[in-house]
Structures are given as structure tokens and as C-alpha cells.
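Novice: Please find one structure pasted underneath; my questions will follow.
Quick note: the coordinates plus some simple rules give every number you see, no bench work behind them. Small disclaimer: the values here were computed from a predicted structure and weren't measured. Reconstructed Cβ throughout: ideal geometry from the backbone, glycine too, with neighbour counts over all protein chains shown.
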Amino acid sequence: MTDKGGRAEEGLAAHFRNMGFFALRGLPFRHDEEDITDVDVWLYERGAGAERRRFIVDAKNKARPKLVERLFWTSGARDALGVDGAYVASTGIREATRRLAKRLRISVVDLQTVAIDESAVAGRLTREELDKLVGEADRNRDSKRWRTHLHDTLAALLTAFGGSSANVGLRSAGYFADQVLTAAPASPTGQLAARAFYLSASAAAIGLDYVVAQAAYQAPDRQQQEIEDAVRYGSDHAETKRRLDLALQVVRQYLPNGAAQANQLREKIAGDTEAFLGDVIAEVALKMGSSASLFDAARDLEMAAHLRHLPAYSSLSKEARSFCGAVMDFFELDRAQLAQVLDSSSTTGSVNADAHHADTDEG
């Protein structure tokens, strides 16, 4: 059950979505493989041309919210995460608090002035409800794989945004596509796997939109290569390549018959890299990212993942289906088969997390 604070966060996220942002709730802030805290709402804005901005929102809907503390916390989190701006949302904001917020370069939102579309909020599964369903699916399998994939996908948006977060999202999308295909047709597990597939693909799309924007003013062939490298090696692909070269130098210098082993490893890595279908995703991302299509696909897929009435795949927007098709091609999955199964996974009734029990089919 979502508490008062959680409902405020859901309302704020819906408010920012209506303003044109891509918004997600409850992203974990991870440092050294440990979750430190979470961010109430994370925002991504697609501006004109190649302008892209990220924001965090700290929401406190309490009688005594200790706003000064929250302002300093949010200021530190903004700087640590390297995002472009931050909001603190609360009620009963004093003028002195507003002056401090201005000094800290934080925008203050009075929750009493925010128009919340209650029907839009009610029509979505909350972060808590989706997490509960995923937890049940893992417990039925005596596993943590579903939670781990989604957790890693959301955490990467905060601390490794861009090529690296897109990589994590793509990996999770591939995993959940397999879960869709192996679940019993139209089963609760299949429906939940479809939601997780859409959410992971959404995270991949929004990361790739940022990568495309970063490469916007390069020559066309260089743009394509930049996106392929980001998909293959992550955000700092030059550093990744440097580390691979360093590892091969160590093999060459210190292992018996090191030169031969290093050459074999280099050839194996080159072969695996060539077999990796990064060009499939890069080509589609570049084409869709040059307009608002990639951003729109991310928003549509995030919405589909959370709607209580899970939509049929065929009812998704053209942009969402185009990107999902590229993901399917990337993992060499049968588009027609997966689309058919996703269509059968759509729900005819509203999902209630308290009453929902996932089946125990192994995926």
C-alpha cells in the first residue's frame, strides 16, 4: 500500500509527465554496489535540438517536513549525481526557505499549487505495487533475478546514464523478453514479464536518446560509430578499450606464452564484438533520435509498463513498437512470435497487487 508520501510522489511524477518530461519514481542511488538512498522522482527533458536535461525531485508531504535539511540533502545529491537541476516539493513553504533554495539553486514546488490528475494516478501501478509483484515472482522461483535486473536498470539511470545505462536496459529487456516467451500464455507471470520488458526497453531508449544527442554535431558516419561504441562498450567507450588493451598487455608480459595468448584473446574479443549486433540498435536509435520518436517511445513504453490495464502490444504507438522491434532484432528474437505473445498478455481487468499471485512457471 502506498503511503501519503508515495501518493504525493506519484502525483508529482504524473504532473511532470503532463508537462512533457520522462519521469520515473524511486530510483536507487547506488555507490560501490551498495544502495545509499533513493531519489523520489527522476526527470529527463528533451529540449530543442540536442539539448537534454536531467532533474531530481525530493518530495515531502508531511506536517513538519524539515525543509532546510531537505534542501541541503537535495543540493548534495544533485551535485553528486551530476544532473542539471533539482526540485524540492512540499507544503507550507516559508519565504526564508525560498531564499535559501534560491542560493542553493534549487526550485521549490508548493504541492498545494500542483494540479494532480487523480484519474491518471489511479490508472497506474505504483512503484510499490510493481515491486511487490516482481518480489512475488522471484519468491515463486526462489530467485532474485527479476528484482536484480530491474533494480540494476533503474540504478544505472542515476549513476551511469547514457551508453552504460542503455546497455543495462537492453540486457534486462532481452532477459524479460525470454521470460515472456517461456511463461504460460496470458498468465500473470507472462503479463508481469511484459511489463518488465516494456520498462527495461524504456530505460534503454531514454539512455540512447541522450547518446544520440551527444553525437548530434558529428559527421553522419561518426554518429553511427559513436552510438555503436556506446552500445558495445558503455558511456566511456574509449576508457573501456584502453582497459582491454592494458589487460592484454599484462597477459602478454606476465603469462607463459603470453604473446600467443594475448593475440588469441584479442581475436576472440574482436570476433565477439563484430558478432554483437550493435549496428542494429545504433541505426534505429540514430533514425528515431533525430526526431522526438525515441523520446516518445521511451515515454510510451514506461506508461505501458505501469498501466493497470496492460495494453496489447499491437495497441502501442508506432514509435514504441519500432524500438521494441529493434530490441527484438538485437537479440535475434522472432518479432512476430514475441509480438503475438505480448498481445496475449494484455489484461482485461485492473491489476490489484494485493490480490495478484504470480504462477510458478519456470522462465
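Novice: Would you please put 198-204, 161-167, 34-40 in order of how densely packed they are, using the mean number of other Cβ atoms within 10 angstrom per residue and starting with the highest?
Specialist: Peptide ranking by packing, descending: 198-204, 161-167, 34-40.
Novice: Between Arg147 and Ala186, what is the spin-label point distance in nm, taking each point 7 Å from the Cα along the Cα→C-beta axis?
Specialist: Placing both labels 7 Å beyond Cα along the Cβ direction yields 3.2 nm.
Novice: Quick one: Lys144, Lys60, fewest Cβ neighbours within 10 Å first, how do they rank?
Specialist: Fewest-to-most ranking of Lys144, Lys60: Lys144, Lys60.
Novice: May I ask you to sort Glu9, Glu45, Glu33 by Cβ crowding, counting other Cβ atoms within 10 Å and putting the fewest first?
Specialist: Listing Glu9, Glu45, Glu33 from fewest to most nearby Cβ atoms yields Glu33, Glu45, Glu9.
Novice: If we count other beta carbons within 10 Å of each Cβ, what is the order of Leu208, Leu100, Leu157, fewest first?
Specialist: Ascending Cβ contact count within 10 Å gives the list Leu100, Leu157, Leu208.
Novice: So, one more: Classify segment 104-187 as rounded, prolate or oblate, taking a ≥ b ≥ c as the square roots of the eigenvalues of its Cα gyration tensor: rounded when a/c is under 1.5, otherwise prolate if a/b is larger than b/c and oblate if not.
Specialist: Because a/c hits 1.5 or more and a/b fails to exceed b/c, segment 104-187 counts as oblate.
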